[in-house]
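Bear in mind these aren't lab numbers, they're just calculated from the coordinates by the rules spelled out. This structure is a prediction, so every number in the text was calculated from the model and none was measured. Quick reminder, even Gly has a Cβ in these numbers, built from the backbone with ideal geometry, and neighbours come from all protein chains shown.
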Ligand code: CO
């Protein structure tokens, strides 16, 4: 496993559509491991393969445990190949940042609950039901696979602002 360099917003690889995973070879497991390690080291709560320079449809998401919070979605690692939102409900606006655009956050509207289907690293079908921050992170990562950054979803550029250190960047870096 290795921590990889994170591609930035001005790099081609994060601006293009990633390819579907068709070959569930052992090398895919190595990619997943590197993505998890890179996400945790950043630190961030999600990462898409194009962000480490690999144009494949693979995402990882993990919300850290928070003392006193009983959210069962926390502390669980999700590694999903070919993820797709198959159902979504509601809408909520919330702050979001991106590991490919450090130092900025913006208010983005997302579905409040989603069902995502995809495959694990061995090609087995999986389905994830998510709400709140987990739902937001999944939607953010799937956008990355389509070459889209959260800045493209802002209502206006006024919704983008510089992050102040006190705001707790870790929970927003996706
Ligand atoms: Co991002």
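Modelled this way, with points 7 Å down the Cα-to-C-beta line, the labels at residue 27 and residue 131 are 4.2 nm from one another.
Max-minus-min Cα coordinates of segment 1-100 on each principal axis give 38, 30, 28 Å, with the largest extent listed first. Sorted from greatest to least, the principal axis extents spanned by the alpha carbons of the chain come out as 43, 35, 29 Å. Site pair residue 77 and residue 148 shows an inter-label distance of 2.9 nm when each label is modelled 7 Å from Cα along Cα→Cβ. Only DSSP H runs of four or more residues enter the estimate; each adds -39500 (n - 2.57), and after division by the residues of the chain the mean residue ellipticity at 222 nm equals -5500 deg cm²/dmol.
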